[in-house]
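First up is the structure itself, then whatever we jot down about it.
The values are calculated or read from the model by the stated rules, or taken from the named source; none is laboratory data. The structure displayed is predicted, hence computed values, not measured ones. Neighbour counts are summed over all protein chains in view; Cβ atoms, including those assigned to glycine, are modelled from backbone coordinates with ideal geometry. Surface areas here come from the heavy atoms of the whole protein model, side chains and all, with no ligands, DNA or RNA. Shrake-Rupley method; radii C 1.70, N 1.55, O 1.52, S 1.80 Å.
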Amino acid sequence: MTLTNRQWLLKRRPQGALAEGDFELREIEMPETEPAAGEILVRYVAFLCAPTMRNWMDAPGNSLYPSVPLGEPVLAPAVGRVVASGDPKFPVGSRVFTLGSWQDYALINTTGFLPVSPLAEGVSFIDSLGRYGLNPLTGYFGLLEVGQAQSGQTLVVSGAAGSTGSTAAQIGRIKGMRVIGIAGGAAKCAWLTEQCGIDAAIDYKTENVEERLAALCPKGIDVYYDNVGGDILQAAVNNMANGGRIVLCGQISSYETEEQAEGPRNMMRLIYGSITMQGFLCSNYAAQFGQAIADLRIWMDAGELHYREDVRGGFEQLPDIFSALFDGSNNGTLIAMIDDSAHETA
Ligand SMILES: NC(=O)c1ccc[n+]([C@@H]2O[C@H](COP(=O)([O-])OP(=O)(O)OC[C@H]3O[C@@H](n4cnc5c(N)ncnc54)[C@H](OP(=O)(O)O)[C@@H]3O)[C@@H](O)[C@H]2O)c1
């Protein structure tokens, strides 16, 4: 028996914005061998489009994850169903989350670089990647644990209309903070103020961010949650309040360049203002995911935390779908679904 396996391979290292020739679609016949002990054969049903995957496409550098070897399928957080198993913890038919790759099937080690985890009963594949997945959890821990959110303080979030940013911004509002979001375009800014109840929004594509921050935060920014880096991070540094906290979550403005992101200037501001700047990874808080998901569920069910997701279909379209993160055309958590069973909850 063989399985027909479609794969998107990384053909060359992207230079700047992703281009069609960076990837190659191929179809292979894969022998259906029994997995060895500790291995499972997974049929993927959906992939999370995570901006940092673009860093994994670069040559080995300072990314946490291994650089995708040329000629190999593109790495992506994935959910799927076990179709053959050499690990009793993941029997045939069980549903799993893993660091996967852009292909239909993969034989993976269950204790590999990122261990495989089971999906919660009753939660669909899509919700495991989206609503209760890595991005909302990142916004939750980034704001509450790293940012030390405090009622009455001023929070500024960049990438605020996105998956991670909109969670951080709204949890700030729920915790009694005054919240200002920075996003690209009038529609995203209107969604933040009108739907999400954020106090003000700055359209970084048409407005001077530094001047607007100075006008909106006359006493300075207490917590700045940064998804973007570059000039926007600099504008925030220049407007921080004494004792402020800068949460470094991501640097998406530099992911499509070969160069490492530039750091902000004016570090004396941090010294004089006793300001902390801390990076973090969502996975640092894995032991607390259960409590965080319970809190997110309560806020979402009560209509206090608005969640948007952008689920797009089609294996053939995977590179195009992923590119939406970088032109800002995604509205919420971007998920590529490659099989209709992705809505199944068991
Ligand atoms: N530390 C962690 O553990 C962790 C975990 C997950 C995600 N992250 C980081 O969180 C950030 C958001 O990720 P996400 O998955 O939630 O994606 P997202 O915010 O839903 O989508 C990406 C958004 O980034 C904005 N963007 C793209 N290029 C930009 C640029 N050059 N300048 C300013 N904004 C730009 C676009 O929104 P606009 O239309 O507003 O431009 C786009 O919609 C990323 O930096 C990611 O690496 C970190």
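What to note about this one:
- Scope region 149-186; condition within 7 Å of the ligand (Cβ to nearest atom) and open to solvent by 10 Å² or more (accessible area, probe 1.4 Å); matching residues: Gly159, Gly162, Ser163, Thr164, Gly184, Gly185
- Residue match in region 88-100 (condition: open to solvent by 50 Å² or more (accessible area, probe 1.4 Å), among the charged types (D, E, K, R) and touching a strand residue (DSSP E or B) at 6+ places or on another chain (Cβ under 9 Å)): yes
- 2 or more residues within 16 Å of the ligand (Cβ to nearest atom) and touching a Leu at 6+ places or on another chain (Cβ under 7 Å): qualifying strands (runs of 3 or more DSSP E) within region 255-337: 276-279, 333-337
- Top-ranked residue of region 1-51 - restricted to ones that are β-branched (Val, Ile, Thr) and more than 16 Å from Glu316 (Cα to Cα), ranked as nearest to the chain's Cα centre (by Cα): Val42
- Selection status of Gly290, under 19 Å from Gly162 (Cα atoms) and free of Cβ contacts under 8 Å to residues at least 24 places away in the same chain: no
- Qualifying residues in region 295-321 (those that are without any contact (Cβ under 8 Å) to a residue 24 or more places away in the chain and over 19 Å from Ile126 (Cβ atoms)) - the one surrounded by the fewest Cβ atoms within 10 Å (Cβ to Cβ): Gly303
- Look at (1) in contact with a helix residue (DSSP H, G or I) (Cβ under 7 Å, 6 or more places away or on another chain); (2) over 25 Å from Ala17 (Cβ atoms) and you find that Leu270 fails only one, number (1).
- Test: residue in region 51-64 that is part of a loop (DSSP other than H, G, I, E, B), more than 16 Å from the ligand (Cβ to nearest atom) and farther than 21 Å from Ser124 by Cβ: yes
- The set of residues from region 192-217 being part of a loop (DSSP other than H, G, I, E, B), open to solvent by less than 70 Å² (accessible area, probe 1.4 Å) and over 15 Å from Leu155 (Cα atoms) comprises just one member, Glu207.
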